[in-house]
1. Answer yes or no as to whether E411 is out of contact with any Ser or Thr (no Cβ under 7 Å at 6 or more places or on another chain), loosely packed, with under 14 Cβ neighbours inside 10 Å and without any contact (Cβ under 8 Å) to a residue 60 or more places away in the chain.
2. Just need a number here: residues in segment 403-423 that are among the hydrophobic types (A, V, I, L, M, F, W, C), under 34 Å from the mean Cα position of the chain (by Cα) and either outside the structural domain of M365 (by TED's automatic domain parsing) or at pLDDT below 95 (or both).
3. Quick check on T107: is it under 30 Å from R324 (Cβ atoms) and either at pLDDT below 50 or touching a helix residue (DSSP H, G or I) at 6+ places or on another chain (Cβ under 9 Å) (or both)?
4. Taking E51 and the conditions (1) in a loop (DSSP other than H, G, I, E, B); (2) at pLDDT 80 or above; (3) crowded, with 18+ Cβ neighbours inside 10 Å; (4) among the acidic types (D, E), which numbered condition does it fall short on, given that it satisfies the others?
5. Please list, ordered by first then second residue, the pairs with beta carbon atoms under 6 Å, 6 or more apart or interchain, first in segment 353-377 and more than 18 Å from F255 (Cα to Cα), second at pLDDT 95 or above and among the basic types (K, R).
6. Evaluate the following for F338: is it in the same structural domain as V403 (by TED's automatic domain parsing) and modelled with pLDDT of 95 or more?
7. Among R395, R371, which is the only one that is part of a loop (DSSP other than H, G, I, E, B), surrounded by 12 or more Cβ atoms within 10 Å (Cβ to Cβ) and assigned by TED's automatic domain parsing to the domain that holds T228?
8. Residues to consider are D285, D305, D274; find the one that is farther than 25 Å from V225 by Cα, in the same structural domain as T408 (by TED's automatic domain parsing) and not β-branched (V, I, T).
Amino acid sequence: MSEIKVPAMGESITEGTVSRWMVKEGETVNQGDVLLELETDKVNIEISAEESGVLEKIIRQEGETVEIGETIGTLSAGSGGGSGAPASEPAATEEKKAAAPAPEAPTPSAPVAAAPESSDSAKTASPSARKLARERGIELDQVQSKDPIGRVYQDDVKSHSNQAPAPAAPPATKAPAAPSAPAAGSSTYTKPVERQRMSRRRATIAKRLVEAQQTAAMLTTFNEVDMTAIMDVRKRRKDKFKEKHEINLGFMSFFTKAVVGALKKFPTINAEIDGEDVVLKKYYDIGIAVSAKEGLVVPVVRDADRLGFAEIEKSIADLASKARSNTLALSDLQGGTFTITNGGTFGSLLSTPILNTPQVGILGMHKIQLRPVAIDAERMENRPMMYIALSYDHRIIDGSEAVRFLVTVKELLEDPESLLIEG
């Protein structure tokens, strides 16, 4: 019999969530068959069978949090020997559940013993905390967590257990209050709601966005770009470009080139803070924010300064396709130096993008909209204009530097030929 363990998944990932089992207990699998899918903060990973056999036992169920190296199931050699163990296991589990509440009070023991199974999936907790909660008949939803993101640990369960007698008082206070509501004529109808648990990726995104706002001195500066020249180049060149390179000539290659040119002129915006040091990066790995099913991801275009327009467009198209099909690798997401996000694809006219830490700068693109522009003192024309926004970390980037960076991006975009030189 061999154990199915959670593999190492990268230095920044220490745990994951069992997304779904592809195989049921007692089913035969061949070496290389996918056993389950594991959801991590960044990507989903498939765990395959290292040998042929029968899935004897599933130890960690769907929705449970597991740590690197933890045993989540067992695989036995043969073609059916695994069916006996699962049958005896529930009986032992039921005996354990029935025995655990006995030292408590006789009245609440029956309902409390059944509750932990549902609470396990309702709140994120460490494996040791889940085990202790089951043994003591405690619902994880009732445990107060000291963790900033609400994860429950073993010490939280112990503290709750020590304070357990106190909550017995509330029923007496709630009972008198109930009759007063109908007397005032208020409705007892409960409005329908649907509660959905955040995916691990969405919870991580939420945590990091809050961290970015709490740790960085974030400011945003704005400008606008006249897109006439770029749109003219695309109109004249798009057919030949696609015929030659088999990819459309989009806006992102122009913006990527302009950002690289501006970063070369203002290297501090291509840096990060490490303690009291500023790490200036001499390479240009540009993150491109992509909206996927489970939230925003930022795959990275490597060495963008060495790529031509076609190579940038192909790289972005490939990464976006992987993001939407949930097939991005960890290497696709790590190590960006600056990020570009395009809210204009959804119709956003203006926004303030949040930093993708530890990066210190992010450029926001927006919707192209016809607006009247003064050509000179006497003439006005309707021009395709786009607002652009640079959010930056004021701890190492001065306001004047940020403004000049954004002006440089604007000037490069309004003179596309210069991108071949500066970008």
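The values are calculated or read from the model by the stated rules, or taken from the named source; none is laboratory data. Treat the numbers as computed from the prediction; the structure is a model and nothing was measured. Please note: Cβ atoms are built from the backbone with ideal geometry, for glycine as well, and neighbour counts cover all protein chains shown.
1. no
2. Of the residues in that region, 1 qualify.
3. So T107 fails the test.
4. In the conditions (1) in a loop (DSSP other than H, G, I, E, B); (2) at pLDDT 80 or above; (3) crowded, with 18+ Cβ neighbours inside 10 Å; (4) among the acidic types (D, E), E51 misses (3) alone.
5. What qualifies is V373/R383.
6. Considered against the rule, which asks whether it is in the same structural domain as V403 (by TED's automatic domain parsing) and modelled with pLDDT of 95 or more, F338 comes out as yes.
7. R395
8. Of the residues listed, the single one that is farther than 25 Å from V225 by Cα, in the same structural domain as T408 (by TED's automatic domain parsing) and not β-branched (V, I, T) is D274.
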